[in-house]
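The values are calculated or read from the model by the stated rules, or taken from the named source; none is laboratory data. This is a predicted model, so every value here is computed, not measured. Cβ atoms come from the backbone with ideal geometry, glycine included; neighbour counts cover every protein chain shown. What goes into the accessible areas is simple: the full protein's heavy atoms, side chains included, and nothing from ligands, DNA or RNA. Shrake-Rupley method; radii C 1.70, N 1.55, O 1.52, S 1.80 Å.
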There are 2 protein chains.
Amino acid sequence: MATKPPAENMARSTKQRTAILELLEHDDAFRSAQDLHAILREAGSKIGLTTVYRTLQAFAEADIVDVMRLPGGDHLYRLCSAEEHHHHLVCRSCGRTVEVAGPTVERWANKVAADHGFTDVGHTLELHGLCAECSK
Amino acid sequence: MATKPPAENMARSTKQRTAILELLEHDDAFRSAQDLHAILREAGSKIGLTTVYRTLQAFAEADIVDVMRLPGGDHLYRLCSAEEHHHHLVCRSCGRTVEVAGPTVERWANKVAADHGFTDVGHTLELHGLCAECSK
DNA sequence: CCCAATCATGACAATCATTGTCAACATCTA
DNA sequence: TAGATGTTGACAATGATTGTCATGATTGGG
C-alpha cells in the first residue's frame, strides 16, 4: 500500500498557491478550476488558468483537496477536512457538501466483492440531492 | 417521479442501430462509443461516429444499456440485463463486469440523506477490483 | 544581503471526446 | 408506392484539460 508522499511536488510556496488555498478555505462547496480562476481574476489576480489547473492537481495528489467528477465530466475541487476515507452528499442545487463516513458501505462492498471472487476491491460512491435549504 | 417513457425516442429500426445492438450482445465488457465505431468500420460498416454517439445515448435513455464513466471522463456502454436499479463490480484488468443489487446501500443512502435534511436523493456507486481470473 | 539554481508561472497552441448542423437518405404507414 | 418524417453522416464547433517554453519568482548557500 504505497502511502502517498506528503507533497514532494509543490516544493515552493507562492502567491498563487496561497491564493487558491485561501479561496478554498472560505468555501465549503465544490468548485471547478475555471470557477476558481474566474474568481481570482475578478479579485484582481493575474493568475493563469494553467496554473490553477496544475495547482489543483497537485493539491489533489497531496490529499489536500477532494476531487469529484460532474456528470458532464468536469473536475470539481474542495478542501477536505477528514483524513479518513469518506463520501460526499452534495446538493445539486447549491453545491453545499456534507462529508459522510460509510462503514456500512465499506463492509457491503467487501462482502459483495468476495462473494464474486474479486480481490483488491475499491469503490466510488457519491450521493446527490437537495439540501434542506434548497428543498423549500 | 417521472417514470421514463419506454423509448419514445428511437421510433425506427435501422441497420446502424441493429449493428450496434448486436455488437453489444456479443460483448460483456464496457465499450466506448469510439471503440464501437472503430469495430464497426473495421467490419466494413460505413456508420458515422456521430450516429454511434447518438444511438448509445438513446439506448442509455431507454435503459437498454448501462453507462459508466471512466476516470478520464469518457463514457462506456454495456448492454444491461437487469431491469431494476443495480451497480457494477468491474474487473480493472479484463473489464469483466458483474451486476449486483444493493438494497443495503439504497437504504443506507436514504437514511444518511434524511439525517442531513436532504431530499430527492440519488446515488452513484461503482466497485472495481480484480476478478478471480485476473487475481492469479 | 546577493546570486545562482531551479521550480513555478502564464500566454498560447494543441488534444480529444463529445455535440451541433444540415442536406441527403432510409423507414414506415396509409 | 408515395410521402411524411425520423435518421444518418461528413464536417465544423465546442470546451475542458494538457503540453510547451520563455520569463519570472523563490530559496538556500556563500
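Results, tabulated for the structure shown:
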quantity	calculated
Looking only at region B:40-79, and only at residues there that are open to solvent by 70 Å² or more (accessible area, probe 1.4 Å) and assigned to a helix (DSSP H, G or I), the one that is farthest from DNA strand D (Cβ to nearest atom)	B:Glu42
Residue that is farthest from the other protein chains (Cβ to nearest Cβ), among those in region A:80-115 that are closer than 14 Å to A:Asp27 by Cβ and either among the polar types (S, T, N, Q) or open to solvent by 50 Å² or more (accessible area, probe 1.4 Å) (or both)	A:Ser81
Residue within region B:77-93 that is away from DNA strand C (no atom under 12 Å from the Cβ), in contact with a His (Cβ under 7 Å, 6 or more places away or on another chain) and farther than 27 Å from B:Arg107 by Cβ present	yes
Residue that is farthest from B:Val98 (Cα to Cα), among those in region A:116-131 that are within 22 Å of the chain's Cα centre (by Cα) and surrounded by fewer than 17 Cβ atoms within 10 Å (Cβ to Cβ)	A:Glu126
Positions within region B:48-76 being within 8 Å of DNA strand C (Cβ to nearest atom) and among the polar types (S, T, N, Q), in sequence order	B:Thr50, B:Gln57
Matching option when the condition is in contact with a Cys (Cβ under 7 Å, 6 or more places away or on another chain) and of a type outside the set (Val, Ile, Thr), among B:Arg17, B:Arg96	B:Arg96
Members of region A:20-39 that are within 11 Å of DNA strand D (Cβ to nearest atom) and of a type in the set (A, V, I, L, M)	A:Ala33, A:Leu36, A:Ala38
Residue in region B:120-128 that is facing another protein chain (nearest Cβ under 8 Å), in a loop (DSSP other than H, G, I, E, B) and of a type outside the set (Asp, Glu) present	no
Test: residue in region A:5-12 that is within 16 Å of DNA strand D (Cβ to nearest atom) and surrounded by 13 or more Cβ atoms within 10 Å (Cβ to Cβ)	yes
B:Gly44 at positive phi and of a type in the set (Gly, Ala, Ser)	yes
Test set (1) more than 27 Å from B:Cys131 (Cα to Cα); (2) modelled with pLDDT under 90; (3) within 17 Å of the chain's Cα centre (by Cα) - B:Met68 fails condition number	(1)
Residues that are under 28 Å from B:Cys94 (Cα atoms) and acidic (Asp, Glu), drawn from region A:88-129	A:Glu106, A:Asp115, A:Asp120, A:Glu126
Hey, A:Ile20 outside any helix (DSSP H, G or I), among the hydrophobic types (A, V, I, L, M, F, W, C) and more than 26 Å from B:Val67 (Cα to Cα) or not	no
Scope region B:98-124; condition among the hydrophobic types (A, V, I, L, M, F, W, C) and within 20 Å of A:Arg107 (Cα to Cα); matching residues	B:Val98, B:Val100, B:Ala101, B:Val105, B:Trp108, B:Ala109, B:Val112, B:Ala113
Which numbered condition A:Ala132 misses (of (1) at the interface with chain B (Cβ under 8 Å from one of its Cβ atoms); (2) modelled with pLDDT of 90 or more; (3) within 22 Å of B:His88 (Cα to Cα))	(3)
